[in-house]
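As structure tokens, the structure follows; a few thoughts come after it.
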Amino acid sequence: MKFVFGIDAMPNLKGLAESLSKRAWKRLHRKPKYEVKTEPRQRPDNVKEAIVRERGFQNIRTESEHVAEFSYSPTACKKTYRVVVLRKNLSVERGEKRLFDDIVYFYCYSSIPHPDSLVLRLVAEPTSRTKGAHRAQRRGRTPISPTPLELSLSPS
């Protein structure tokens, strides 16, 4: 049986992720949501971003994302599974000041073998789903299926 499912960021998994070597992490490059078929237009000003800065609200931005994997055997299991971890480097700002950087980890277990890139796509998929899909899922309706997510990995 093949499966992939997300798991909570438990302290032991965070310790394992933090102990991985720099070479184990691959930078995650997300492909554009769509391809321009005519000619590119000028991007409009980000009005929301300007208001957040002007009013001094806290703003969290993703600086970079990296993916790594390791083997892990949960306490109650005899079998070892593949764990794929997504590390997000976040910048926390208030107004024009950068307050601090934060690193957040997202994990998933998988029984799918290493060469299969499906797991990497599934790790990043929750961040690509629409708000409408999340609302539909909460209401018990069939969620809108997200478009296939294209990922590109490169050594950090």
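Here are the numbers for the structure shown:
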read-out	value
Subset of the range 37-72 (residues that are surrounded by 11 or more Cβ atoms within 10 Å (Cβ to Cβ) and over 30 Å from LEU16 (Cβ atoms))	GLU49, VAL52, ARG53, GLY56, PHE57, ASN59
Residue match in the range 28-38 (condition: part of a loop (DSSP other than H, G, I, E, B) and either hydroxyl-bearing (Ser, Thr, Tyr) or in contact with a helix residue (DSSP H, G or I) (Cβ under 6 Å, 6 or more places away or on another chain) (or both))	yes
Filtered residues of the range 66-80 (kept if closer than 17 Å to PHE106 by Cα and without any contact (Cβ under 8 Å) to a residue 40 or more places away in the chain)	SER71, PRO74
Subset of the range 44-53 [without any contact (Cβ under 8 Å) to a residue 24 or more places away in the chain and either among the small types (Gly, Ala, Ser) or part of a helix (DSSP H, G or I) (or both)]	VAL47, LYS48, GLU49, ALA50, ILE51, VAL52
Some residue of the range 100-114 being over 22 Å from ASP8 (Cα atoms) and not hydrophobic (A, V, I, L, M, F, W, C)	no
In the range 23-36, the residues that are modelled with pLDDT under 90 and surrounded by fewer than 10 Cβ atoms within 10 Å (Cβ to Cβ)	PRO32, LYS33, TYR34, GLU35, VAL36
Test: residue in the range 20-43 that is in contact with a Phe, Trp or Tyr (Cβ under 9 Å, 6 or more places away or on another chain) and closer than 24 Å to TYR105 by Cα	yes
LEU16, sole failed condition from (1) closer than 16 Å to VAL84 by Cβ; (2) exposed (fewer than 10 other Cβ atoms within 10 Å of the Cβ)	(2)
Of all residues in the range 91-116 being surrounded by 15 or more Cβ atoms within 10 Å (Cβ to Cβ) and closer than 27 Å to VAL4 by Cβ, the one that is modelled with the lowest pLDDT	ILE112
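The values are calculated or read from the model by the stated rules, or taken from the named source; none is laboratory data. None of these values were measured; they are calculated from a predicted model. So basically every Cβ, Gly included, is an ideal-geometry build from the backbone, and we count neighbours across all protein chains shown.
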